[in-house]
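J.: This structure is in structure tokens; I'll ask about it shortly.
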Number of protein chains: 2
Amino acid sequence: MKRTEVSTLGEFGLIKALTQNTTIFHSETIKGVGDDAAVMDLGDKYLVTSTDMLVEGIHFDLSYYPLKHLGYKAIAVNVSDIAAMNAKPKQVLVSLAMSNRFSVEALQELYEGMKIACQNYKVDLVGGDTTSSRSGLVLSVTVLGTVEKHKIAYRNTAQKGDIICVTGDLGGAYAGLQILEREKQVFLTNPDMQPQLEGKDFVVKRQLRPEARMDVIYELEELGIVPTSMIDISDGLASEVFHICTQSNLGAMIYEDKLPIAQETYDTAINDLNISPVTCALNGGEDYELLFTIKQEDYEKIKNHPDISTIGYTTEPDKKINLAMRAGNVIPLQAQGWQHF
Amino acid sequence: MKRTEVSTLGEFGLIKALTQNTTIFHSETIKGVGDDAAVMDLGDKYLVTSTDMLVEGIHFDLSYYPLKHLGYKAIAVNVSDIAAMNAKPKQVLVSLAMSNRFSVEALQELYEGMKIACQNYKVDLVGGDTTSSRSGLVLSVTVLGTVEKHKIAYRNTAQKGDIICVTGDLGGAYAGLQILEREKQVFLTNPDMQPQLEGKDFVVKRQLRPEARMDVIYELEELGIVPTSMIDISDGLASEVFHICTQSNLGAMIYEDKLPIAQETYDTAINDLNISPVTCALNGGEDYELLFTIKQEDYEKIKNHPDISTIGYTTEPDKKINLAMRAGNVIPLQAQGWQHF
């Protein structure tokens with residue numbers, strides 16, 4: 001029998017291979033596979049649902065990831081998918097598989113982090129499943145949210161000439177991960193060494209305790225802005241720009257000098273990691289900021305917003321997706337994204 | 001620091017320890033942890049949501065579990081939770097963590113089984129997550145369904161004097177599992193031996209390809225019956241009777257000679273496994289039949305139904321939960337359930 005390795009397809013190719021020829025039976029199903037969340041028509045509103053799995057050894061390393069932070073992150077990254085639909089989270093289901101090395105107290109620590117996140121994002125923990133596993137910890141979180149129909153934001157609805165916006169700053173989570181991995185290697189080599197994390201609080205926190213940008217969703221509502229398209233940045237900015245542009249059948253121009261990069265991320269990339277801060281922003285993952293497009297007429301409303309940067313605009317598809325460098329030249333944007341396999 | 005082993009609490013104790021002090025923020029949340037599914041108020045209807053995790057080496061053994069059947073089962077057991085709320089499934093999200101020993105073709109086989117189940121139960125596969133794992137396969141399925149408000153069936157709403165009903169037959173899935181495990185041991189001892197499964201199709205199929213009893217949900221609707229309480233039988237009948245009676249603050253009388261046990265299950269238990277068929281029915285798991293209670297006035301409507309057995313009635317709480325034996329004596333019912341930890 002033919003054997004194709006998953007790694008030859010990558011995550012998106014695999015999803016396509018598995019979900020092709022899926023039949024939709026219910027007219028209430030507005031959107032299935034292919035956006036940050038699935039969409040169901042509730043009559044006066046839309047229900048949006050998303051799910052994420054976090055696997056020990058793949059998504060987190062408990063040698064430096066505190067369980068309380070992990071619990072917080074598990075909720076936050078799922079709420080981020082709801083934010084990416086311009087929706088508000090309502091309920092969350094949490095499933096857990098763990099080996100017997102986890103005590104009740106350790107699991108309570110994990111749930112404590114989840115409860116704090118539920119408090120912050122105003123989401124109800126309503127159910128789940130607990131089971132044992134032969135090895136390690138697996139967390140699966142599903143979140144449900146609702147949105148008024150005319151406010152929903154998809155990936156594939158950007159229009160030519162829209163302004164491309166991004167919240168917060170980029171690359172920090174990736175820089176933080178590299179620092180944590182570096183210190184882990186030092187510790188493994190010499191367990192007497194203390195981790196050197198002074199001055200790295202910012203990037204380490206960006207990795208260990210990401211926030212869903214629900215604050216921006218509420219602010220956009222107050223400003224009367226409905227994004228023409230939106231996605232959350234889990235795999236690096238470049239990958240997400242490709243998702244929006246490919247699915248909307250558009251090109252884009254992104255300006256390198258407009259990319260929001262925090263000073264701490266910049267310094268860590270240059271001084272500690274010897275990599276380009278722009279690479280961290282474009283191809284590092286797990287920032288969980290929002291990438292969205294707005295109509296030009298909405299620009300005035302957000303141009304002075306301290307937490308929203310305008311980084312470019314969408315173009316006709318034959319213009320491709322380009323990066324205008326600080327030096328003046330224009331190069332094709334490369335999307336490496338985060339390799340899950 | 002204090003260390004409490006999960007095994008000392010069991011699954012239900014653990015869930016209690018983890019989810020206590022959970023805050024509910026939204027008035028739309030009607031039911032959280034503690035039933036087969038969570039419930040959200042949609043205005044004219046209820047949304048019900050449930051999630052289950054299936055872990056290789058814990059819930060299934062791929063040495064005898066075909067991937068297509070596993071995919072089918074993953075959907076069926078989740079739809080069963082929706083059935084247990086007297087609701088109808090609408091959408092399903094599937095998350096998957098797998099090691100690189102799984103090829104794309106193997107995963108397509110798994111999804112093929114899921115798609116057949118989606119077709120049978122008329123449920124839309126709308127999303128999920130795929131990721132790698134260090135070892136083995138983990139499946140997490142979340143299903144969403146809807147139900148008219150006055151038709152929802154909870155666990156904790158049975159009334160004294162209600163008739164206790166069960167669908168289909170019990171104990172078959174457990175007997176099938178024991179046969180499959182026996183043949184696996186024979187094979188491990190002598191790989192030249194062929195598995196002895198002749199005449200065991202019935203019980204083996206009960207284990208490998210369980211069905212959610214959505215057919216009964218549609219039939220109850222046609223009969224104009226709303227169960228006063230309902231639960232699906234995943235951990236053995238006795239355990240589920242305890243859930244309904246404890247949560248409804250009732251006792252019960254169950255009649256041994258009314259328990260529906262298929263001839264094939266009976267024969268396998270006696271001849272192959274040397275265990276009591278009644279023990280298989282009461283304490284074996286994974287039958288995914290429905291246990292429900294109805295008002296006495298509804299008895300006439302179901303008394304000749306070929307797929308519904310009346311097995312007893314509910315009593316005042318101080319009568320406890322009893323089993324009337326075929327021999328004439330009455331003993332307290334013992335709930336062992338299925339040990340997840």
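J.: Looking only at region B:259-273, decide whether some residue is more than 27 Å from residue B:175 (Cα to Cα) and not β-branched (Val, Ile, Thr).
T.: No, the conditions are met nowhere in region B:259-273.
J.: Quick check: is even one residue across region A:46-53 facing another protein chain (nearest Cβ under 7 Å) and outside any strand (DSSP E or B)?
T.: Within region A:46-53, not a single residue is facing another protein chain (nearest Cβ under 7 Å) and outside any strand (DSSP E or B).
J.: Answer yes or no as to whether residue B:62 is more than 7 Å from every other protein chain (Cβ to nearest Cβ) and either farther than 19 Å from residue B:140 by Cβ or not in a helix (DSSP H, G or I) (or both).
T.: Criteria met by residue B:62.
Table: residues versus (1) in contact with a Cys (Cβ under 8 Å, 6 or more places away or on another chain); (2) over 17 Å from residue B:170 (Cβ atoms).
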residue: B:254; (1), (2): no, no
residue: B:280; (1), (2): no, no
residue: B:286; (1), (2): no, no
residue: B:304; (1), (2): no, yes
residue: B:321; (1), (2): yes, no
residue: B:329; (1), (2): no, yes
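J.: So which residues in region A:103-115 are more than 7 Å from every other protein chain (Cβ to nearest Cβ) and more than 25 Å from the chain's Cα centre (by Cα)?
T.: Once the filter is applied, which keeps residues that are more than 7 Å from every other protein chain (Cβ to nearest Cβ) and more than 25 Å from the chain's Cα centre (by Cα), region A:103-115 yields only A:106.
J.: Between A:220, A:282, which is buried (at least 17 other Cβ atoms within 10 Å of the Cβ) and under 25 Å from residue A:13 (Cβ atoms)?
T.: Just one listed residue meets the conditions, A:282.
J.: Sticking with this one: Restricting to region B:116-142, name every residue that is facing chain A (nearest Cβ under 9 Å), part of a helix (DSSP H, G or I) and surrounded by fewer than 22 Cβ atoms within 10 Å (Cβ to Cβ).
T.: Within region B:116-142, just B:119 meets the criteria.
For (1) modelled with pLDDT of 95 or more; (2) in contact with a Gly (Cβ under 7 Å, 6 or more places away or on another chain), each residue gets a yes or a no:
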residue: A:8; (1), (2): no, no
residue: A:23; (1), (2): no, no
residue: A:33; (1), (2): no, yes
residue: A:40; (1), (2): yes, no
residue: A:46; (1), (2): yes, no
residue: A:51; (1), (2): yes, yes
residue: A:65; (1), (2): no, no
residue: A:70; (1), (2): yes, yes
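J.: Name every residue in region B:4-33 that is outside any loop (DSSP other than H, G, I, E, B), in contact with a strand residue (DSSP E or B) (Cβ under 8 Å, 6 or more places away or on another chain) and more than 7 Å from chain A (Cβ to nearest Cβ), in order of residue number.
T.: Those that are outside any loop (DSSP other than H, G, I, E, B), in contact with a strand residue (DSSP E or B) (Cβ under 8 Å, 6 or more places away or on another chain) and more than 7 Å from chain A (Cβ to nearest Cβ): B:30, B:31.
J.: In this structure, does residue A:81 turn out to be outside any loop (DSSP other than H, G, I, E, B), among the acidic types (Asp, Glu), without any contact (Cβ under 8 Å) to a residue 60 or more places away in the chain and touching a strand residue (DSSP E or B) at 6+ places or on another chain (Cβ under 8 Å)?
T.: no
J.: Continuing with this model, one more query. Would region B:171-180 turn up any residue that is assigned to a loop (DSSP other than H, G, I, E, B) and at pLDDT 95 or above?
T.: yes
J.: Oh, and also: Test each condition in (1) assigned to a helix (DSSP H, G or I); (2) surrounded by fewer than 24 Cβ atoms within 10 Å (Cβ to Cβ); (3) not polar (S, T, N, Q) for residue B:102 and report the one that comes out false.
T.: Unmet for residue B:102, out of (1) assigned to a helix (DSSP H, G or I); (2) surrounded by fewer than 24 Cβ atoms within 10 Å (Cβ to Cβ); (3) not polar (S, T, N, Q): (1).
J.: For region A:272-313, give me each residue that is in contact with a strand residue (DSSP E or B) (Cβ under 6 Å, 6 or more places away or on another chain) and of a type in the set (A, V, I, L, M, F, W, C).
T.: Across region A:272-313, the qualifying residues are A:290, A:291, A:292, A:294, A:302, A:308, A:311.
J.: Residue B:193 fails exactly one of the following numbered conditions: (1) touching a helix residue (DSSP H, G or I) at 6+ places or on another chain (Cβ under 7 Å); (2) crowded, with 21+ Cβ neighbours inside 10 Å; (3) assigned to a loop (DSSP other than H, G, I, E, B); (4) among the aliphatic types (A, V, I, L, M). What is the number of that condition?
T.: Checking residue B:193 against (1) touching a helix residue (DSSP H, G or I) at 6+ places or on another chain (Cβ under 7 Å); (2) crowded, with 21+ Cβ neighbours inside 10 Å; (3) assigned to a loop (DSSP other than H, G, I, E, B); (4) among the aliphatic types (A, V, I, L, M), the one that fails is (2).
J.: Condition first: surrounded by fewer than 21 Cβ atoms within 10 Å (Cβ to Cβ) and closer than 23 Å to residue A:153 by Cα. Now tell me which residues in region A:86-99 satisfy that.
T.: Result: no residue meets the conditions.
J.: State whether the residues of region B:238-253 include one that is more than 23 Å from residue B:178 (Cβ to Cβ) and of a type in the set (Asp, Glu).
T.: No - not one qualifying residue is present in region B:238-253.
J.: Taking region B:145-162 only, how many residues are under 16 Å from residue B:314 (Cα atoms) and among the basic types (Lys, Arg)?
T.: Qualifying residue count for the region: 2.
J.: List every residue pair whose Cβ atoms lie under 7 Å apart, where the two residues are 6 or more positions apart in sequence or sit on different chains, the first residue falls within region A:313-335 and is within 12 Å of residue A:242 (Cβ to Cβ) and without any contact (Cβ under 8 Å) to a residue 40 or more places away in the chain, and the second residue, located anywhere, is among the polar types (S, T, N, Q) and not in a loop (DSSP other than H, G, I, E, B).
T.: A:332/A:322
J.: Confirm whether residue A:242 is in a strand (DSSP E or B) and of a type outside the set (Lys, Arg).
T.: Taking the combined requirement at face value, the residue does not satisfy it.
J.: Quick check on this structure: which one of B:298, B:257 is surrounded by fewer than 16 Cβ atoms within 10 Å (Cβ to Cβ) and over 25 Å from residue B:113 (Cβ atoms)?
T.: Result: B:257 is the single residue among B:298, B:257 that is surrounded by fewer than 16 Cβ atoms within 10 Å (Cβ to Cβ) and over 25 Å from residue B:113 (Cβ atoms).
J.: Within region A:262-293, take every residue that is among the aliphatic types (A, V, I, L, M) and either in a helix (DSSP H, G or I) or outside the structural domain of residue A:242 (by TED's automatic domain parsing) (or both) and give me the one that is nearest to residue A:244 (Cα to Cα).
T.: A:282
J.: Then there's this: Scanning for something modelled with pLDDT under 90 and touching an Asp or Glu at 6+ places or on another chain (Cβ under 7 Å), does region A:182-195 turn up at least one residue?
T.: yes
J.: Taking residue A:37 as the residue in question, decide whether it is more than 10 Å from every other protein chain (Cβ to nearest Cβ), under 20 Å from residue A:239 (Cα atoms) and hydrophobic (A, V, I, L, M, F, W, C).
T.: The answer is no for residue A:37.
J.: Hey, another quick one. (1) without any contact (Cβ under 8 Å) to a residue 60 or more places away in the chain; (2) surrounded by fewer than 20 Cβ atoms within 10 Å (Cβ to Cβ): which one isn't true of residue A:18, the others all being true?
T.: That leaves (2) as the condition not met.
J.: Please go through (1) in contact with a Ser or Thr (Cβ under 8 Å, 6 or more places away or on another chain); (2) crowded, with 19+ Cβ neighbours inside 10 Å for residue A:180 and return the number of the only condition it doesn't satisfy.
T.: The number of the failed condition is (1).
J.: Another question, if that's okay. Condition first: closer than 23 Å to residue A:215 by Cα and in a loop (DSSP other than H, G, I, E, B). Now tell me which residues in region A:151-170 satisfy that.
T.: A:152, A:153, A:154, A:155, A:157, A:158, A:162, A:168, A:169, A:170
J.: Quick one: count up the residues across region A:196-216 that are buried (at least 21 other Cβ atoms within 10 Å of the Cβ) and farther than 21 Å from residue A:285 by Cα.
T.: Residues in region A:196-216 being buried (at least 21 other Cβ atoms within 10 Å of the Cβ) and farther than 21 Å from residue A:285 by Cα: 0 in total.
J.: Let me ask another. Whether any residue in region A:73-85 is modelled with pLDDT of 95 or more, surrounded by 22 or more Cβ atoms within 10 Å (Cβ to Cβ) and at the interface with chain B (Cβ under 8 Å from one of its Cβ atoms) is what I want to check.
T.: no
The values are calculated or read from the model by the stated rules, or taken from the named source; none is laboratory data. What you are looking at is a predicted structure, and each value in this text was computed from that prediction instead of being measured. Cβ: placed from backbone, ideal geometry, glycine included. Neighbour counts: every protein chain shown.
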